[in-house]
1. Show the residue pairs that are 6+ apart or on different chains and have beta-carbon atoms under 7 Å apart, the first residue being within segment 83-112 and under 15 Å from Asn27 (Cα atoms) and at pLDDT 90 or above, the second being open to solvent by less than 60 Å² (accessible area, probe 1.4 Å) and among the acidic types (Asp, Glu).
2. Of all residues in segment 145-168, count the ones that are under 19 Å from the mean Cα position of the chain (by Cα) and open to solvent by less than 40 Å² (accessible area, probe 1.4 Å).
3. Condition first: assigned to a loop (DSSP other than H, G, I, E, B), surrounded by 15 or more Cβ atoms within 10 Å (Cβ to Cβ) and modelled with pLDDT of 65 or more. Now tell me which residues in segment 42-74 satisfy that.
4. Restricting attention to segment 112-125, does a residue exist that is of a type in the set (D, E, K, R), under 16 Å from the mean Cα position of the chain (by Cα) and open to solvent by 40 Å² or more (accessible area, probe 1.4 Å)?
5. Can you go through Thr96, Thr104, Thr110, Thr88 and tell me which one is touching a strand residue (DSSP E or B) at 6+ places or on another chain (Cβ under 7 Å) and not in a strand (DSSP E or B)?
Amino acid sequence: YRINTFYYKQAHKLARFTDARLSMSTNLNPQANKKKQSDKGSEAELEMINSRPNAYVDFNLPWSLSLNYNLTYSRPFEAKGILAQSFTFNGDINLTERWKIALTSGYDFTRKELSLTKVDFFRNLHRWEFSFGWIPVGPRQSFDFTIRVKSATLQDLKLNRRAFWYDN
């Protein structure tokens, strides 16, 4: 809740340390961060792909791997500080010219357990795209299946099937 008093007047201190964050990440495939260029499709479609690169599957990249480390220290009010740290990774690899598999996972050092792990399968069907996402372990086990048109103008033409963890 808010009070109409400065912290200095209340605690006789200039400031209060509340939290600090450190994040480090790297991408081991330098081609993965490059802007996409193509003579196929419109400029608007290419701009949409470049503005949200993680929403699209790039079958031209043979592989990609990203590593992330996060460290957070928070001290709400006058309570004891809370330290949280985790390591996550996500990557994908082309199995064939038209099949790609992606994996996202990690480890939470504070809880001493695996973080959310998801496996995705993608299939390029020329003008269509198939995707299957699966969370095999943990309390949020689920899957999602999608077949959709690749064209941005027909992006609403798709078939979805999902089974979420809270449906069980």
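1. Ala102/Asp92; Ala102/Asp120
2. Of the residues in segment 145-168, 1 are under 19 Å from the mean Cα position of the chain (by Cα) and open to solvent by less than 40 Å² (accessible area, probe 1.4 Å).
3. Within segment 42-74, Leu61 is the sole residue that qualifies.
4. yes
5. Thr110
The values are calculated or read from the model by the stated rules, or taken from the named source; none is laboratory data. Owing to the predicted nature of the structure, the values given are computational and were not obtained by experimental measurement. Using ideal geometry, Cβ is built from the backbone for each residue, glycine included, and neighbour counts are taken over all protein chains shown. Quick note on the areas: whole protein, heavy atoms, side chains included, nothing else; ligands and nucleic acids left out. Shrake-Rupley method; radii C 1.70, N 1.55, O 1.52, S 1.80 Å.
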